[in-house]
Amino acid sequence: MKIEGNVPSQVVDSYRKVDSRKQAEVNKAEDVSKGQDVPARMPKEMSDNVSISDEAKLRAVAQKVLEKLPDVRQEKVDRLSELIQSGRYNPDAEKIAEKILSGLSIKA
């Protein structure tokens with residue numbers, strides 16, 4: 001910090017300005033560490049706002065529901081495993097081929 005002039009009152013004023021800035025930074029850091037909402041003390045024109053659309057809210061709800069679903073439908077896996085092991089699983093090869101080709105956008 002550079003102090004201009006040699007008048008004692010100017011020197012004291014310079015220290016007060018620096019001290020008040022440092023104190024403001026300390027207060028802000030303390031507010032944040034205490035979990036206090038610092039932006040709430042700011043004027044509205046200086047604060048940030050977020051608006052979430054209804055569609056985004058709906059997507060968030062859908063995402064939470066999907067996260068709760070199991071990755072594997074175990075009862076279906078168990079049923080098919082039993083059919084395969086017992087020799088009773090007879091898939092229709094033509095239907096399988098049609099599904100594969102439809103996924104490739106090719107008509108049989």
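The values are calculated or read from the model by the stated rules, or taken from the named source; none is laboratory data. Since the model is a prediction, treat every value here as computed from it, not as a measurement. With ideal geometry, Cβ positions are generated from the backbone for all residues, glycine too; neighbour counts draw on all protein chains shown.
If Ile52 passes every condition in (1) in a helix (DSSP H, G or I); (2) farther than 30 Å from Ala24 by Cβ; (3) at pLDDT below 90 but one, which one does it miss?
Status for Ile52: all satisfied but (1).
Looking at (1) part of a helix (DSSP H, G or I); (2) modelled with pLDDT under 90; (3) not polar (S, T, N, Q), which one does Glu82 not meet, given that it meets all the others?
Only one criterion in (1) part of a helix (DSSP H, G or I); (2) modelled with pLDDT under 90; (3) not polar (S, T, N, Q) is unmet by Glu82, namely (2).
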